[in-house]
Amino acid sequence: MPLKSTASAVASTTTARRLLFLLALPVLGLVILTLSLAASNAHAADAASGKPAVRTLIIDTDPGADDVIALLFAMASPDELKIQALTTVAGNVPLAKTSRNARLAREWAKRPDIPVYAGAPRPLVRTPIYAADIHGSEGITGVKVHEPSQPLAEGNAVDYLIRTLRAAPEKSVTLAMLGPETNLALALTQAPDITRGLRELVLMGGAHFNGGNITPTAEFNVFADPHAAEIVLKSGVPITMLPLDVTHKVLTSPERIAKLRGIGNQAGKTVADILDAYVQHDMQYYGLPGGPVHDATVIGYLLQPSLFKGRQVNVEVDSREGIGFGQTAVDWYGGLKKPANVNWIAEGDAQGFFDLLTQRISRLP
Ligand code: RIB
Ligand code: CA
């Protein structure tokens, strides 16, 4: 082909290409818009159907027998829960043991991808208390413990929370809290701006209709650091609380534990052995037919919120010395006309919870 006609051919081809591109733009925009609308509709549909959206998750924990069940439950659910890290705090047992136990749960779940950061060794103000009488001297009932091969991550959990939440996209991170709220309270005090990165706090703690489990009025996680709970409840971050009001309705039974054991994998045996020992105290103390698996209900809520029911209420913590120390005051009927800062969960589908727990534990080694 002669040079001139080649050049004009190239020019007209370029013009044609430009024209095609301009024509394609609105179509491309329409495709992107349709896809993003479909995604948000799917998200809305999931939410409406009670199916969970995928969560970027950090779990703050004081393992703790029921914490270990919760951690295994969560680590068996990687499609929905993108666990960034476990952060540990003193609570059921001292920090060295809660941190070792978090690493043990990680080893049992075969999830070496999840770092464990150790956090606060003691509450903000009050004298430390522990619950080794419930969780055993090593912090996990019913099983032998050992020193896991994979170490803690370098650095303190509070510093990890601050740098991670500062770097996170707005409202992107869910923090599940299974123990005293000391780590987050310290992070909020040092860096109030981290609330920007938080989507929601989902925490096990508090008691209202049920009454307390460590005193007649207080639940252990709040009682162990009421000053931390006060800071967290005033943070302005969306909070869902799973208190004793619901955990004491989602109880084990011999059949439910037998089903876990019957899975036939090591994880099912470990969970059943832990629960068989862990629930004895509460069954005897409260005269219940089964025992609560407090912290695991937090994971159940994250995975299938439709299993639970609650209401937006105002919740405050009493941190004054005395019989009400650590009590969560819940304005269930809104009489005080104060801002509702907590989604307080009071009901749960026990069978649905244990079916989901069993199904997820069956995924583990
Ligand atoms: O009151 C129950 C809570 O206190 C649970 O989180 C249990 O692990 C203990 O930390
Ligand atoms: Ca706990």
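The values are calculated or read from the model by the stated rules, or taken from the named source; none is laboratory data. Small disclaimer: the values here were computed from a predicted structure and weren't measured. Cβ coordinates were reconstructed from backbone atoms using ideal geometry, including for glycine residues, and neighbour counts include every protein chain displayed.
The set of residues from segment 111-133 being within 16 Å of ligand 1 (Cβ to nearest atom), within 22 Å of the chain's Cα centre (by Cα) and within 29 Å of A272 (Cβ to Cβ) comprises Y130, A131. Scanning segment 230-248 for residues that are in contact with a Pro (Cβ under 7 Å, 6 or more places away or on another chain) and surrounded by 24 or more Cβ atoms within 10 Å (Cβ to Cβ) yields a total of 1. Kindly check whether there is at least one residue in segment 153-174 that is within 30 Å of L251 (Cβ to Cβ) and away from ligand 1 (no atom under 15 Å from the Cβ). Within segment 153-174, one or more residues are within 30 Å of L251 (Cβ to Cβ) and away from ligand 1 (no atom under 15 Å from the Cβ).
Would you pick out the residues in segment 319-365 that are basic (K, R) and within 19 Å of V271 (Cβ to Cβ)? Within segment 319-365, R360, R363 qualify.
Looking across A277, A346, A267, A296, one residue alone is touching a residue at least 60 places away in the same chain (Cβ under 8 Å) and over 18 Å from D67 (Cβ atoms). It is A346.
Of everything in segment 213-229 that is surrounded by fewer than 21 Cβ atoms within 10 Å (Cβ to Cβ) and touching a helix residue (DSSP H, G or I) at 6+ places or on another chain (Cβ under 8 Å), the residue that is nearest to Y278 (Cα to Cα) is I214. Do you know which of the residues in segment 190-229 that are aromatic (F, W, Y) and in a helix (DSSP H, G or I) is farthest from D133 (Cα to Cα)? Restricting to residues being aromatic (F, W, Y) and in a helix (DSSP H, G or I), the top hit is F223.
Can you tell me which residue in segment 57-93 is farthest from the chain's Cα centre (by Cα), limited to those that are assigned to a strand (DSSP E or B) and within 13 Å of ligand 2 (Cβ to nearest atom)?
Among them, the one singled out is T88.
For S99, the criteria (1) in a loop (DSSP other than H, G, I, E, B); (2) within 16 Å of ligand 1 (Cβ to nearest atom); (3) under 15 Å from G155 (Cα atoms) hold in every case but one, which is (1). Restricting attention to segment 230-244, the residues being more than 12 Å from ligand 1 (Cβ to nearest atom) and part of a helix (DSSP H, G or I) number 4. Scanning segment 146-164 for residues that are touching a Gly at 6+ places or on another chain (Cβ under 8 Å) and either at positive phi or assigned to a loop (DSSP other than H, G, I, E, B) (or both) gives a single hit, N156. On the basis of being in contact (Cβ under 8 Å) with a residue 40 or more places away in the chain, within 15 Å of ligand 1 (Cβ to nearest atom), within 19 Å of E181 (Cβ to Cβ) and not polar (S, T, N, Q), does A85 make the cut? For A85, the condition - in contact (Cβ under 8 Å) with a residue 40 or more places away in the chain, within 15 Å of ligand 1 (Cβ to nearest atom), within 19 Å of E181 (Cβ to Cβ) and not polar (S, T, N, Q) - is not met. Residue count for segment 285-318, restricted to those that are more than 16 Å from ligand 1 (Cβ to nearest atom) and either part of a helix (DSSP H, G or I) or among the hydroxyl-bearing types (S, T, Y) (or both): 4. Restricting N314, N265 to residues that are at pLDDT 95 or above and surrounded by fewer than 17 Cβ atoms within 10 Å (Cβ to Cβ) narrows the list to N265.
Cβ separations smaller than 6 Å between residues 6+ apart or across chains give the following pairs from segment 56-73 residues that are of a type outside the set (D, E, K, R) to residues that are near ligand 2 (Cβ under 9 Å from one of its atoms) and in a helix (DSSP H, G or I): T61/D67; P63/T98; G64/H135; A65/H135. May I ask you to verify whether E230 is closer than 30 Å to H248 by Cβ, within 14 Å of ligand 2 (Cβ to nearest atom) and not aliphatic (A, V, I, L, M)? Criteria not met by E230. In this structure, R106 does not qualify as crowded, with 19+ Cβ neighbours inside 10 Å and farther than 24 Å from L242 by Cα. I134 - would you say it is among the β-branched types (V, I, T) and either at pLDDT below 95 or not in a loop (DSSP other than H, G, I, E, B) (or both)? Yes, satisfied. Taken over segment 287-313, the criterion of being more than 18 Å from D60 (Cβ to Cβ) and touching a strand residue (DSSP E or B) at 6+ places or on another chain (Cβ under 7 Å) is satisfied by L288, P289, G290, G291, P292, L307, F308, K309, G310, R311, Q312, V313.
Could you tell me which residue of segment 114-139 is nearest to A90 (Cα to Cα), considering only residues that are of a type outside the set (D, E, K, R) and in contact with a His (Cβ under 9 Å, 6 or more places away or on another chain)? Looking at the filtered set, the residue picked out is P123.
The residues of segment 175-200 that are surrounded by fewer than 22 Cβ atoms within 10 Å (Cβ to Cβ) and closer than 29 Å to V250 by Cα, listed by number, are R199, E200.
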